[in-house]
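Notes to accompany the following structure.
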Amino acid sequence: MKKFVAMSLVAVVFTIITVKATEAREYKIGFIGPMSGGAAQLGQQMKRGAKLYMKLHKDQLGKHTIKMIVRDSKRPGGPIAKAAAQELITREKVELITGLIFSPNAMSVAPLVNKSKTPVVIMNAGTTFIPNMSPHMVRVSFTMWQAGVIIGEHAASNLNCKTAVAGYTNYPPGKDSINAFRHGFEGKGGKVVDEIPMGGPGKVPDFTPFFQRAKSKKPNCLYVFVPAGNHAAAVAKTYQALAMRKAGIRLIGPGDITQDTQLQGMGSAAVGLVTAHHYHMFLKSAENQAFVKAWKAEYGANNPPDFVGVGGYDGMAAVYAAIRAANGSKLTSAIAMKALKGWKFESPRGPIMIDPETRDIIQNIYISIVRKKGGMLVQETQKTFKAVKDKCKELKLGKCGKKLY
Ligand code: PHB
(Lines give C-alpha, C1' and ligand atoms only; values in the text may rest on other atoms or scores of the structure.)
Protein backbone atom coordinates (compact mmCIF):
# COMPACT_ATOMS: atom_id res chain seq x y z
CA MET A 1 0.00 0.00 0.00
CA LYS A 2 2.79 2.41 1.10
CA LYS A 3 4.63 1.58 -2.10
CA PHE A 4 1.49 2.24 -4.15
CA VAL A 5 0.98 5.68 -2.50
CA ALA A 6 4.60 6.58 -3.07
CA MET A 7 4.39 5.58 -6.73
CA SER A 8 1.17 7.57 -7.21
CA LEU A 9 2.83 10.57 -5.62
CA VAL A 10 5.76 10.28 -8.02
CA ALA A 11 3.32 10.06 -10.93
CA VAL A 12 1.43 13.16 -9.78
CA VAL A 13 4.64 15.17 -9.31
CA PHE A 14 5.90 14.01 -12.71
CA THR A 15 2.61 15.05 -14.33
CA ILE A 16 2.77 18.47 -12.67
CA ILE A 17 6.34 18.97 -13.85
CA THR A 18 5.58 17.94 -17.44
CA VAL A 19 2.40 20.03 -17.58
CA LYS A 20 4.35 22.99 -16.20
CA ALA A 21 7.13 22.44 -18.70
CA THR A 22 4.77 22.59 -21.63
CA GLU A 23 2.89 25.70 -20.52
CA ALA A 24 3.26 28.65 -22.88
CA ARG A 25 6.33 30.65 -21.90
CA GLU A 26 7.98 33.85 -23.00
CA TYR A 27 11.73 33.53 -23.40
CA LYS A 28 13.64 36.73 -22.80
CA ILE A 29 16.83 36.92 -24.81
CA GLY A 30 19.39 39.72 -24.99
CA PHE A 31 20.73 40.92 -28.34
CA ILE A 32 23.92 43.00 -28.22
CA GLY A 33 25.19 44.81 -31.32
CA PRO A 34 26.30 48.21 -32.58
CA MET A 35 23.02 50.04 -33.17
CA SER A 36 24.53 53.52 -33.38
CA GLY A 37 27.87 54.99 -34.46
CA GLY A 38 30.10 53.99 -37.36
CA ALA A 39 29.23 50.29 -37.26
CA ALA A 40 25.44 50.72 -36.92
CA GLN A 41 24.95 49.27 -40.40
CA LEU A 42 26.44 45.99 -39.17
CA GLY A 43 24.18 45.88 -36.11
CA GLN A 44 21.19 46.61 -38.29
CA GLN A 45 22.06 43.82 -40.74
CA MET A 46 22.47 41.31 -37.94
CA LYS A 47 19.18 42.35 -36.33
CA ARG A 48 17.43 42.21 -39.70
CA GLY A 49 18.65 38.65 -40.18
CA ALA A 50 17.48 37.62 -36.71
CA LYS A 51 14.07 39.27 -37.15
CA LEU A 52 13.58 37.73 -40.58
CA TYR A 53 14.15 34.26 -39.16
CA MET A 54 11.63 34.98 -36.41
CA LYS A 55 9.05 36.21 -38.90
CA LEU A 56 9.42 33.26 -41.25
CA HIS A 57 9.46 30.62 -38.52
CA LYS A 58 6.86 31.81 -36.02
CA ASP A 59 5.28 28.38 -35.79
CA GLN A 60 8.52 26.63 -34.80
CA LEU A 61 8.19 27.47 -31.11
CA GLY A 62 4.61 26.22 -30.72
CA LYS A 63 2.95 28.26 -28.01
CA HIS A 64 6.21 29.68 -26.66
CA THR A 65 7.33 33.17 -27.61
CA ILE A 66 10.54 35.22 -27.61
CA LYS A 67 11.09 38.70 -26.29
CA MET A 68 14.29 40.08 -27.80
CA ILE A 69 15.83 42.88 -25.76
CA VAL A 70 18.25 44.89 -27.92
CA ARG A 71 21.23 46.68 -26.38
CA ASP A 72 23.61 49.00 -28.24
CA SER A 73 27.30 48.09 -27.91
CA LYS A 74 28.17 51.35 -29.72
CA ARG A 75 31.91 50.76 -30.06
CA PRO A 76 34.07 47.71 -30.75
CA GLY A 77 36.18 48.07 -27.60
CA GLY A 78 34.41 45.84 -25.02
CA PRO A 79 33.31 47.86 -21.93
CA ILE A 80 29.92 49.01 -23.30
CA ALA A 81 28.99 45.51 -24.43
CA LYS A 82 30.13 44.17 -21.07
CA ALA A 83 27.94 46.63 -19.15
CA ALA A 84 25.02 45.76 -21.45
CA ALA A 85 25.50 42.04 -20.82
CA GLN A 86 25.69 42.63 -17.06
CA GLU A 87 22.43 44.55 -17.13
CA LEU A 88 20.74 41.98 -19.34
CA ILE A 89 21.75 39.17 -17.00
CA THR A 90 21.06 40.77 -13.61
CA ARG A 91 18.19 43.17 -14.25
CA GLU A 92 16.41 41.79 -17.31
CA LYS A 93 17.16 38.20 -16.31
CA VAL A 94 17.57 37.10 -19.91
CA GLU A 95 17.99 33.38 -20.48
CA LEU A 96 20.36 33.71 -23.44
CA ILE A 97 22.58 36.35 -25.00
CA THR A 98 23.15 36.67 -28.74
CA GLY A 99 24.40 39.14 -31.37
CA LEU A 100 28.00 40.38 -30.82
CA ILE A 101 29.65 41.79 -33.93
CA PHE A 102 33.10 42.73 -32.66
CA SER A 103 35.49 40.25 -31.07
CA PRO A 104 36.47 42.42 -28.06
CA ASN A 105 32.77 42.71 -27.23
CA ALA A 106 32.25 38.94 -27.33
CA MET A 107 35.42 38.46 -25.26
CA SER A 108 34.26 40.92 -22.61
CA VAL A 109 31.02 38.98 -22.14
CA ALA A 110 32.76 35.62 -21.51
CA PRO A 111 33.72 36.11 -17.82
CA LEU A 112 30.21 37.33 -17.01
CA VAL A 113 28.43 34.34 -18.50
CA ASN A 114 30.96 32.04 -16.90
CA LYS A 115 29.59 33.25 -13.57
CA SER A 116 25.91 33.39 -14.49
CA LYS A 117 26.00 30.30 -16.75
CA THR A 118 23.98 32.16 -19.39
CA PRO A 119 24.17 30.53 -22.82
CA VAL A 120 25.54 32.68 -25.65
CA VAL A 121 25.05 32.32 -29.42
CA ILE A 122 27.66 34.41 -31.24
CA MET A 123 26.29 35.76 -34.52
CA ASN A 124 29.48 37.42 -35.83
CA ALA A 125 32.69 37.91 -33.77
CA GLY A 126 35.39 35.90 -35.55
CA THR A 127 38.55 35.73 -33.42
CA THR A 128 39.29 32.07 -33.45
CA PHE A 129 39.76 31.31 -29.76
CA ILE A 130 36.59 33.05 -28.47
CA PRO A 131 34.61 29.83 -27.80
CA ASN A 132 37.60 28.62 -25.73
CA MET A 133 36.83 31.45 -23.28
CA SER A 134 33.54 30.01 -22.10
CA PRO A 135 31.82 26.61 -22.05
CA HIS A 136 28.52 28.49 -22.44
CA MET A 137 29.30 29.90 -25.88
CA VAL A 138 28.59 28.57 -29.35
CA ARG A 139 29.46 30.41 -32.55
CA VAL A 140 27.34 30.26 -35.71
CA SER A 141 29.28 32.85 -37.74
CA PHE A 142 32.85 32.04 -38.80
CA THR A 143 36.41 31.87 -37.53
CA MET A 144 39.12 34.07 -39.02
CA TRP A 145 41.14 30.94 -39.73
CA GLN A 146 38.51 29.37 -41.98
CA ALA A 147 38.80 31.96 -44.75
CA GLY A 148 42.38 33.06 -43.97
CA VAL A 149 44.06 29.67 -44.48
CA ILE A 150 42.09 28.88 -47.62
CA ILE A 151 42.78 32.17 -49.40
CA GLY A 152 46.46 31.87 -48.38
CA GLU A 153 46.74 28.42 -49.96
CA HIS A 154 44.76 29.51 -53.01
CA ALA A 155 46.95 32.60 -53.57
CA ALA A 156 50.15 30.55 -53.52
CA SER A 157 48.82 27.61 -55.53
CA ASN A 158 46.47 29.22 -58.06
CA LEU A 159 46.97 32.98 -58.23
CA ASN A 160 50.65 32.98 -58.99
CA CYS A 161 51.49 34.88 -55.82
CA LYS A 162 54.99 34.15 -54.59
CA THR A 163 55.18 37.11 -52.26
CA ALA A 164 52.51 38.95 -50.30
CA VAL A 165 52.10 41.90 -47.99
CA ALA A 166 49.42 41.47 -45.29
CA GLY A 167 47.58 44.56 -44.02
CA TYR A 168 45.22 44.26 -41.07
CA THR A 169 43.07 46.24 -38.69
CA ASN A 170 45.03 46.08 -35.50
CA TYR A 171 42.87 44.15 -33.04
CA PRO A 172 42.39 40.43 -32.28
CA PRO A 173 40.55 39.24 -35.44
CA GLY A 174 43.00 41.18 -37.64
CA LYS A 175 46.03 39.54 -36.05
CA ASP A 176 44.26 36.19 -36.24
CA SER A 177 43.43 36.71 -39.88
CA ILE A 178 47.00 37.43 -41.00
CA ASN A 179 48.32 34.52 -38.92
CA ALA A 180 45.86 32.27 -40.74
CA PHE A 181 46.82 33.74 -44.11
CA ARG A 182 50.54 33.30 -43.40
CA HIS A 183 49.93 29.70 -42.31
CA GLY A 184 48.12 28.89 -45.58
CA PHE A 185 50.32 30.97 -47.88
CA GLU A 186 53.73 29.98 -46.55
CA GLY A 187 52.56 26.37 -46.14
CA LYS A 188 52.23 26.32 -49.95
CA GLY A 189 55.57 28.00 -50.62
CA GLY A 190 54.66 31.72 -50.59
CA LYS A 191 56.46 34.35 -48.51
CA VAL A 192 54.82 37.16 -46.52
CA VAL A 193 57.30 40.03 -46.93
CA ASP A 194 55.62 42.63 -44.71
CA GLU A 195 52.78 42.85 -42.17
CA ILE A 196 51.17 46.25 -41.77
CA PRO A 197 48.90 47.20 -38.85
CA MET A 198 46.36 49.69 -40.24
CA GLY A 199 44.70 51.42 -37.29
CA GLY A 200 41.89 50.16 -35.07
CA PRO A 201 38.31 49.07 -35.74
CA GLY A 202 36.69 52.16 -34.20
CA LYS A 203 37.57 54.65 -36.91
CA VAL A 204 38.25 54.21 -40.63
CA PRO A 205 41.84 55.34 -41.24
CA ASP A 206 43.23 56.86 -44.41
CA PHE A 207 44.63 53.69 -45.94
CA THR A 208 46.96 55.60 -48.29
CA PRO A 209 50.20 55.46 -46.25
CA PHE A 210 49.67 51.76 -45.46
CA PHE A 211 49.03 50.86 -49.10
CA GLN A 212 51.97 52.99 -50.23
CA ARG A 213 54.21 51.04 -47.90
CA ALA A 214 52.75 47.80 -49.31
CA LYS A 215 53.28 48.99 -52.89
CA SER A 216 56.90 49.84 -52.21
CA LYS A 217 57.55 46.17 -51.35
CA LYS A 218 56.40 45.12 -54.85
CA PRO A 219 54.55 41.98 -53.72
CA ASN A 220 52.47 39.83 -56.08
CA CYS A 221 49.52 39.97 -53.66
CA LEU A 222 48.16 42.34 -51.05
CA TYR A 223 46.13 40.47 -48.43
CA VAL A 224 43.83 42.72 -46.43
CA PHE A 225 41.61 42.11 -43.43
CA VAL A 226 39.45 44.96 -42.23
CA PRO A 227 36.11 44.63 -40.45
CA ALA A 228 33.11 44.81 -42.77
CA GLY A 229 31.30 48.13 -43.11
CA ASN A 230 32.94 51.48 -43.79
CA HIS A 231 36.46 50.07 -43.55
CA ALA A 232 35.75 47.61 -46.37
CA ALA A 233 34.41 50.32 -48.68
CA ALA A 234 37.58 52.38 -48.26
CA VAL A 235 39.99 49.52 -49.05
CA ALA A 236 39.01 48.96 -52.70
CA LYS A 237 38.99 52.71 -53.31
CA THR A 238 42.53 53.22 -51.99
CA TYR A 239 43.76 50.19 -53.95
CA GLN A 240 42.45 51.82 -57.11
CA ALA A 241 43.59 55.34 -56.26
CA LEU A 242 47.16 54.08 -55.89
CA ALA A 243 46.97 52.16 -59.19
CA MET A 244 48.14 49.01 -57.46
CA ARG A 245 46.52 46.66 -59.95
CA LYS A 246 48.49 48.33 -62.75
CA ALA A 247 51.61 47.81 -60.65
CA GLY A 248 50.88 44.06 -60.78
CA ILE A 249 49.65 43.69 -57.20
CA ARG A 250 46.54 41.58 -56.74
CA LEU A 251 44.19 42.48 -53.87
CA ILE A 252 42.87 39.45 -51.97
CA GLY A 253 41.30 38.83 -48.59
CA PRO A 254 38.50 37.24 -46.62
CA GLY A 255 35.02 38.21 -47.87
CA ASP A 256 34.81 40.99 -45.30
CA ILE A 257 36.37 43.22 -47.97
CA THR A 258 33.66 42.40 -50.54
CA GLN A 259 30.68 42.58 -48.19
CA ASP A 260 27.58 42.45 -50.39
CA THR A 261 26.06 45.59 -48.90
CA GLN A 262 29.22 47.58 -49.74
CA LEU A 263 29.97 46.01 -53.09
CA GLN A 264 28.04 48.24 -55.51
CA GLY A 265 29.57 51.34 -53.93
CA MET A 266 33.09 50.07 -54.68
CA GLY A 267 32.58 50.43 -58.43
CA SER A 268 35.19 49.15 -60.86
CA ALA A 269 37.80 49.18 -58.07
CA ALA A 270 36.40 45.86 -56.88
CA VAL A 271 36.36 44.03 -60.24
CA GLY A 272 38.73 41.06 -60.16
CA LEU A 273 39.04 40.93 -56.39
CA VAL A 274 39.38 37.34 -55.15
CA THR A 275 38.20 36.39 -51.67
CA ALA A 276 37.44 33.36 -49.53
CA HIS A 277 34.36 33.43 -47.32
CA HIS A 278 31.41 31.44 -46.05
CA TYR A 279 28.75 33.55 -47.76
CA HIS A 280 27.89 35.97 -50.52
CA MET A 281 24.40 36.77 -51.70
CA PHE A 282 24.98 35.34 -55.19
CA LEU A 283 25.30 31.71 -54.01
CA LYS A 284 23.14 29.60 -56.29
CA SER A 285 21.53 27.17 -53.81
CA ALA A 286 17.74 27.01 -53.53
CA GLU A 287 18.02 27.93 -49.82
CA ASN A 288 19.96 31.07 -50.63
CA GLN A 289 17.70 32.13 -53.46
CA ALA A 290 14.63 31.77 -51.22
CA PHE A 291 16.47 33.65 -48.46
CA VAL A 292 17.50 36.57 -50.72
CA LYS A 293 13.96 36.80 -52.08
CA ALA A 294 12.43 36.84 -48.59
CA TRP A 295 15.02 39.38 -47.41
CA LYS A 296 14.37 41.76 -50.30
CA ALA A 297 10.61 41.38 -49.88
CA GLU A 298 11.02 42.41 -46.24
CA TYR A 299 13.64 45.15 -46.49
CA GLY A 300 13.44 46.37 -50.10
CA ALA A 301 15.20 45.42 -53.33
CA ASN A 302 17.99 47.93 -52.65
CA ASN A 303 18.82 46.53 -49.22
CA PRO A 304 20.43 43.16 -49.92
CA PRO A 305 21.53 40.67 -47.29
CA ASP A 306 25.20 39.96 -46.60
CA PHE A 307 27.24 37.65 -44.38
CA VAL A 308 26.39 39.68 -41.28
CA GLY A 309 22.68 39.32 -42.04
CA VAL A 310 23.09 35.58 -42.53
CA GLY A 311 24.89 35.40 -39.18
CA GLY A 312 21.80 36.95 -37.58
CA TYR A 313 19.45 34.62 -39.44
CA ASP A 314 21.33 31.42 -38.65
CA GLY A 315 22.03 32.57 -35.11
CA MET A 316 18.33 32.92 -34.53
CA ALA A 317 17.77 29.44 -35.98
CA ALA A 318 20.18 28.18 -33.29
CA VAL A 319 18.38 30.16 -30.58
CA TYR A 320 15.10 28.57 -31.70
CA ALA A 321 16.65 25.10 -31.53
CA ALA A 322 17.76 25.80 -27.94
CA ILE A 323 14.33 27.10 -26.93
CA ARG A 324 12.62 24.12 -28.51
CA ALA A 325 14.86 21.87 -26.45
CA ALA A 326 13.87 23.73 -23.26
CA ASN A 327 10.22 23.34 -24.26
CA GLY A 328 8.71 25.57 -21.63
CA SER A 329 11.24 25.07 -18.85
CA LYS A 330 14.05 27.49 -18.04
CA LEU A 331 16.61 27.72 -20.83
CA THR A 332 19.76 26.71 -18.99
CA SER A 333 23.21 26.55 -20.51
CA ALA A 334 23.14 22.76 -20.04
CA ILE A 335 19.99 22.50 -22.18
CA ALA A 336 21.23 25.00 -24.79
CA MET A 337 24.68 23.44 -25.16
CA LYS A 338 23.24 19.93 -25.40
CA ALA A 339 20.86 21.08 -28.13
CA LEU A 340 23.49 23.02 -30.04
CA LYS A 341 26.54 20.73 -29.89
CA GLY A 342 26.22 18.87 -33.17
CA TRP A 343 23.28 21.06 -34.29
CA LYS A 344 22.80 21.04 -38.07
CA PHE A 345 21.02 23.53 -40.29
CA GLU A 346 20.48 24.09 -44.01
CA SER A 347 21.59 27.71 -44.07
CA PRO A 348 21.50 30.10 -47.04
CA ARG A 349 25.32 29.72 -46.94
CA GLY A 350 25.09 25.91 -47.31
CA PRO A 351 24.91 23.15 -44.69
CA ILE A 352 26.27 24.19 -41.30
CA MET A 353 26.98 22.31 -38.09
CA ILE A 354 28.25 23.20 -34.64
CA ASP A 355 31.31 21.12 -33.83
CA PRO A 356 30.35 19.29 -30.60
CA GLU A 357 33.95 19.42 -29.39
CA THR A 358 34.80 23.08 -29.99
CA ARG A 359 31.28 24.61 -30.09
CA ASP A 360 32.41 26.36 -33.26
CA ILE A 361 30.95 26.43 -36.75
CA ILE A 362 31.73 23.91 -39.50
CA GLN A 363 30.76 25.24 -42.92
CA ASN A 364 31.61 25.60 -46.60
CA ILE A 365 34.13 28.22 -47.65
CA TYR A 366 33.83 29.67 -51.15
CA ILE A 367 36.55 31.19 -53.30
CA SER A 368 34.87 33.96 -55.26
CA ILE A 369 35.77 36.63 -57.77
CA VAL A 370 34.05 39.97 -58.31
CA ARG A 371 32.82 40.56 -61.86
CA LYS A 372 30.72 43.17 -63.58
CA LYS A 373 27.51 41.83 -65.15
CA GLY A 374 24.74 43.94 -66.61
CA GLY A 375 26.10 47.06 -64.95
CA MET A 376 26.12 45.37 -61.53
CA LEU A 377 28.96 43.96 -59.48
CA VAL A 378 28.42 40.29 -58.66
CA GLN A 379 30.43 37.62 -56.88
CA GLU A 380 31.05 34.43 -58.80
CA THR A 381 31.93 31.27 -56.90
CA GLN A 382 35.04 29.63 -58.35
CA LYS A 383 35.67 26.87 -55.83
CA THR A 384 33.86 25.34 -52.85
CA PHE A 385 35.60 23.82 -49.84
CA LYS A 386 33.08 21.68 -48.00
CA ALA A 387 32.57 21.33 -44.24
CA VAL A 388 35.62 23.38 -43.26
CA LYS A 389 36.63 23.13 -39.60
CA ASP A 390 38.77 25.63 -37.76
CA LYS A 391 42.41 24.70 -38.43
CA CYS A 392 43.81 26.69 -35.53
CA LYS A 393 41.84 24.52 -33.12
CA GLU A 394 42.54 21.31 -35.03
CA LEU A 395 46.28 22.01 -34.77
CA LYS A 396 45.91 23.36 -31.21
CA LEU A 397 47.98 26.43 -32.03
CA GLY A 398 48.54 28.99 -29.25
CA LYS A 399 45.31 30.02 -27.53
CA CYS A 400 43.33 27.81 -29.90
CA GLY A 401 44.66 24.76 -28.06
CA LYS A 402 43.87 26.05 -24.58
CA LYS A 403 40.89 26.18 -22.29
CA LEU A 404 40.69 29.88 -21.42
CA TYR A 405 38.24 29.78 -18.50
C1 PHB B 1 35.31 40.85 -35.31
O2 PHB B 1 35.50 41.85 -34.59
O3 PHB B 1 35.47 39.70 -34.91
C4 PHB B 1 34.88 41.08 -36.72
C5 PHB B 1 34.15 42.21 -37.06
C6 PHB B 1 33.78 42.43 -38.39
C7 PHB B 1 34.16 41.51 -39.35
C8 PHB B 1 34.90 40.38 -39.01
C9 PHB B 1 35.26 40.17 -37.70
O10 PHB B 1 33.84 41.73 -40.64
Residue pairs meeting the criteria (Cβ under 6 Å; at least 6 apart or on separate chains; first open to solvent by less than 40 Å² (accessible area, probe 1.4 Å), in segment 242-266; second within 11 Å of the ligand (Cβ to nearest atom) and not hydrophobic (A, V, I, L, M, F, W, C)): Pro254/His277; Gly255/His277; Gln259/Asp306; Asp260/Asp306
Selection from segment 348-366 of residues that are open to solvent by 10 Å² or more (accessible area, probe 1.4 Å) and acidic (Asp, Glu): Asp355, Glu357
Subset tally (residues that are within 17 Å of the chain's Cα centre (by Cα) and either open to solvent by 10 Å² or more (accessible area, probe 1.4 Å) or free of Cβ contacts under 8 Å to residues at least 40 places away in the same chain (or both)) for segment 112-135: 6
Selection within segment 154-178 - out of contact with any strand residue (DSSP E or B) (no Cβ under 9 Å at 6 or more places or on another chain) and open to solvent by less than 60 Å² (accessible area, probe 1.4 Å): Tyr171, Pro172
Considering residues of segment 87-111 that are out of contact with any Leu (no Cβ under 9 Å at 6 or more places or on another chain) and open to solvent by less than 10 Å² (accessible area, probe 1.4 Å) only, the residue nearest to the ligand (Cβ to nearest atom): Ser103
Residue match in segment 292-302 (condition: surrounded by fewer than 20 Cβ atoms within 10 Å (Cβ to Cβ), of a type in the set (Phe, Trp, Tyr) and over 19 Å from Arg371 (Cβ atoms)): yes
Near pairs, Cβ below 6 angstrom, 6+ apart or cross-chain, from segment 82-110 (closer than 26 Å to Asp176 by Cβ and basic (Lys, Arg)) to any residue that is within 16 Å of the ligand (Cβ to nearest atom) and part of a helix (DSSP H, G or I): Lys82/Ser108
Where Lys63 falls short, out of the listed (1) part of a helix (DSSP H, G or I); (2) more than 16 Å from the ligand (Cβ to nearest atom): (1)
Members of segment 211-232 that are more than 16 Å from the ligand (Cβ to nearest atom) and either open to solvent by 50 Å² or more (accessible area, probe 1.4 Å) or more than 27 Å from the chain's Cα centre (by Cα) (or both): Gln212, Arg213, Ala214, Lys215, Ser216, Lys217, Lys218, Pro219, Asn220
Any chance Leu331 is hydrophobic (A, V, I, L, M, F, W, C), modelled with pLDDT of 95 or more, crowded, with 17+ Cβ neighbours inside 10 Å and in a loop (DSSP other than H, G, I, E, B): yes
Hey, Arg359 farther than 24 Å from Asn158 by Cβ, of a type in the set (D, E, K, R), in contact with a strand residue (DSSP E or B) (Cβ under 6 Å, 6 or more places away or on another chain) and in contact (Cβ under 8 Å) with a residue 12 or more places away in the chain or not: yes
Out of His136, His154, sole residue that is in contact with a Lys or Arg (Cβ under 7 Å, 6 or more places away or on another chain), more than 15 Å from Phe225 (Cα to Cα) and away from the ligand (no atom under 16 Å from the Cβ): His136
Residues (away from the ligand (no atom under 16 Å from the Cβ) and part of a helix (DSSP H, G or I)) located in segment 71-83: Ala83
Residue check for Arg182: buried (at least 20 other Cβ atoms within 10 Å of the Cβ) and closer than 21 Å to Ile130 by Cα: yes
Failed item in (1) open to solvent by 10 Å² or more (accessible area, probe 1.4 Å); (2) more than 22 Å from Leu42 (Cα to Cα), with Ile323 passing the rest: (1)
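The values are calculated or read from the model by the stated rules, or taken from the named source; none is laboratory data. Keep in mind that this is a model prediction, so the values were computed, not measured. Heads up, the Cβs are rebuilt from the backbone with ideal geometry, glycines too, and the neighbour counts pull from every protein chain shown. Just so you know, the surface numbers come from the protein's heavy atoms only, side chains and all, with ligands and any DNA or RNA stripped out. Shrake-Rupley method; radii C 1.70, N 1.55, O 1.52, S 1.80 Å.
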